Amino acid sequence: GTPVPVNRERLGALLGRERETYAERHPRSRAAYRAGANLLGNVPMTWMNKAAGRFPVYLAEARGATVVDLDGHRYVDLCLGDTAAMAGHSPEATVAAVRRRYAEAGGATAMLPTEDAAWVGAELARRFGVPLWSFSLTATDANRWAIRLARLVTGRPKVLVFNFCYHGTVDESLVTLGRDGAAAREGNVGPPVDPAATTRVVEFNDLDALDRELAAGDVACVLMEPALTNIGIVLPAPGYLEGVRELTRGHGTLLVNDETHTLSAGPGGCTLAWGLEPDLVTVGKAIAGGIAAGAYGVSAEVAERVAGRPDADLIDTGGVGGTLAGNALSVAAMRATLEHVLTDQAFEHMIGLGTRFTDGVRGVLDVCQVPWSVVQLGARAEYRFTSPAPVNGGQSAAAGDDELDDYLHLYLHNRGILLTPFHNMALMCPATTTDDVDTHTEVFGAAVAELVGG
Ligand code: PMP
């Protein structure tokens, strides 16, 4: 049959109806929002205003894959803190470790190391292949510090990233591909310098463009997600990542895999799942079960080259480090989460559910004949309003549709399902169930059927 186009008038009416329902169902959240008069934008972080219902619901409780809001509504949480709660909310083993460290033994941050760190370093080495690790509190900082080390050891000034990537609030990466190369990403707040001075940008899945940009000889590192996850999910074409590795080696550029989101591919992210050989790996968000922690790992060769630069101040104010990075509480939480929660076995369960979710969505798209696509990356899947699935960030960005996003997010929300506000993304945690996934399939099916008049 012919794919059904979206009727904008019907979409507008449905969205209006869902907004009304949302407003009616959340009086306490709305009051809490109004009470935030001394907060920028009324919320703890301005990005929390990214809410399809025009104000966010407020968190009351969360456990495993379930969230309860201030008005007492329960949700199947497929947002999972946009990956930061990939271990599930407050998993028991992490709660116990945090209690032990913070309450029983005492001491979250004493400027002294704890024994847990050695275990975590060994575990991250096992998972991601690179042998030497250090910590941060966020994935953003892990990326910042990885970039600094790459500049130090290569003596080169620039970073190469992909069009519509996101790696946190890393200045060098807040760019898109303009007519003449790197341009400040739309809306970028107070960029320190013209990003063309720090960054080269290419489309994902384009080896010729990568070769051309690296040939300039000024790129310290390629910073990449092995699959883009912040502009829909864009998977690498067969042979693409091998090509990236060959080109980076050939041009003397280091390769940094940011596995913060792509950890969904398995216990060691795409790096382990696909046998990749990056020079550095960065990770954050989920690895401490919701407690702030990030990490970056380097190859033996990079570590040796760093050691060969005794002029670099890695002890004091050289630009790599943070007072709370590697604190006892974060490290205890990382250990418990990696040892007992985000285990190899847990990933098997989560990835199985990712497949079930993807199959369910695909079934709905087939039945309703809508020309959308769904892409899975292990325990994560995302739908996009175009088909076939985009092969690069530019294509995927062009398929964005804010009104459709809002409609689907609100429809699901009003029926007990949370998606990440910034994505049409669903993530599975160890506590997610087949019932949770099937509930989504059913409600998503109803949302699409109403939209196309089925
Ligand atoms: N890397 C990737 C791939 C991300 O998606 C994000 C956040 N969405 C970050 C890094 C930054 O994480 P944080 O905001 O926790 O520093």
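The values are calculated or read from the model by the stated rules, or taken from the named source; none is laboratory data. What you are looking at is a predicted structure, and each value in this text was computed from that prediction instead of being measured. All Cβ positions, glycine included, derive from the backbone under ideal geometry; neighbour counts span all protein chains shown.
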- For T169, are the conditions met, namely being crowded, with 16+ Cβ neighbours inside 10 Å and among the β-branched types (V, I, T)? no
- Query: Among the helices (runs of 4 or more DSSP H) contained in the stretch 362-454, which hold 2 or more residues that are surrounded by fewer than 23 Cβ atoms within 10 Å (Cβ to Cβ), touching a Gly at 6+ places or on another chain (Cβ under 8 Å) and of a type in the set (V, I, T)?
  - Reply: 434-452
- Residue pairs qualifying under the 7 Å Cβ cut-off, at least six apart or on distinct chains, with the first in the stretch 425-438 being free of Cβ contacts under 8 Å to residues at least 12 places away in the same chain and the second being part of a helix (DSSP H, G or I) and not aliphatic (A, V, I, L, M), are none
- Query: If you check P226, P236, which single one turns out to be in contact with a Cys (Cβ under 6 Å, 6 or more places away or on another chain), modelled with pLDDT of 95 or more and not polar (S, T, N, Q)?
  - Reply: P226
- Item | Output for the stretch 125-147, where each listed residue is more than 21 Å from A273 (Cβ to Cβ) and among the hydrophobic types (A, V, I, L, M, F, W, C) | L132, F135, L137, W145, I147
- Item | Residue pairs meeting the criteria (Cβ under 8 Å; at least 6 apart or on separate chains; first assigned to a helix (DSSP H, G or I), in the stretch 124-138; second at pLDDT below 95) | none
- Query: What residue, of G363, G290, G352, G297, is small (G, A, S), more than 14 Å from the ligand (Cβ to nearest atom), closer than 30 Å to E442 by Cα and within 21 Å of the chain's Cα centre (by Cα)?
  - Reply: G352
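From the list A93, A52, which residue is touching a residue at least 40 places away in the same chain (Cβ under 8 Å), farther than 23 Å from Y411 by Cα, among the hydrophobic types (A, V, I, L, M, F, W, C) and touching a helix residue (DSSP H, G or I) at 6+ places or on another chain (Cβ under 6 Å)?
Of A93, A52, the one residue that is touching a residue at least 40 places away in the same chain (Cβ under 8 Å), farther than 23 Å from Y411 by Cα, among the hydrophobic types (A, V, I, L, M, F, W, C) and touching a helix residue (DSSP H, G or I) at 6+ places or on another chain (Cβ under 6 Å) is A93.
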- Message: Based on this model, can you work out whether T229 counts as under 19 Å from the mean Cα position of the chain (by Cα), surrounded by fewer than 15 Cβ atoms within 10 Å (Cβ to Cβ) and of a type in the set (V, I, T)?
- Response: no
- Note on the structure: Across the stretch 1-29, the tally of residues that are assigned to a helix (DSSP H, G or I) and in contact with an Asp or Glu (Cβ under 9 Å, 6 or more places away or on another chain) stands at 12
- Item | Test: residue in the stretch 337-348 that is within 16 Å of the ligand (Cβ to nearest atom), touching a Phe, Trp or Tyr at 6+ places or on another chain (Cβ under 8 Å) and either at pLDDT 95 or above or of a type in the set (G, A, S) (or both) | no
- Message: Quick check on T317: is it surrounded by fewer than 22 Cβ atoms within 10 Å (Cβ to Cβ) and at pLDDT 95 or above?
- Response: no
- Query: Can you name the residue in the stretch 67-90 that is assigned to a strand (DSSP E or B) and of a type in the set (A, V, I, L, M) and, of all such residues, is farthest from R380 (Cα to Cα)?
  - Reply: V68
- Query: Which is more than 16 Å from the ligand (Cβ to nearest atom) and surrounded by 14 or more Cβ atoms within 10 Å (Cβ to Cβ), of G107, G121?
  - Reply: G121
- May I ask you to verify whether V302 is hydrophobic (A, V, I, L, M, F, W, C) and part of a helix (DSSP H, G or I)? yes
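Considering only the stretch 187-284, give the strands (runs of 3 or more DSSP E) lying wholly within it that have at least 3 residues that are in contact (Cβ under 8 Å) with a residue 24 or more places away in the chain, within 16 Å of the ligand (Cβ to nearest atom) and within 29 Å of W47 (Cα to Cα).
Fully inside the stretch 187-284 and qualifying: 219-224, 254-258, 280-283.
Could you say which residue among A312, A307 is surrounded by fewer than 19 Cβ atoms within 10 Å (Cβ to Cβ), away from the ligand (no atom under 16 Å from the Cβ) and touching a residue at least 60 places away in the same chain (Cβ under 8 Å)? Walk me through it before giving the result.
Details: A307 fails: touching a residue at least 60 places away in the same chain (Cβ under 8 Å).
Only one candidate qualifies: A312.
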- Which ones in the stretch 139-171 are outside any helix (DSSP H, G or I), closer than 13 Å to N257 by Cα and more than 15 Å from the ligand (Cβ to nearest atom)? L160
- Query: What are the pairs, 6+ residues apart or on separate chains, where a residue within the stretch 1-29 that is modelled with pLDDT under 95 has its Cβ under 7 Å from a residue that is in a helix (DSSP H, G or I)?
  - Reply: V4/C368; V4/V452; V6/L404; V6/L451
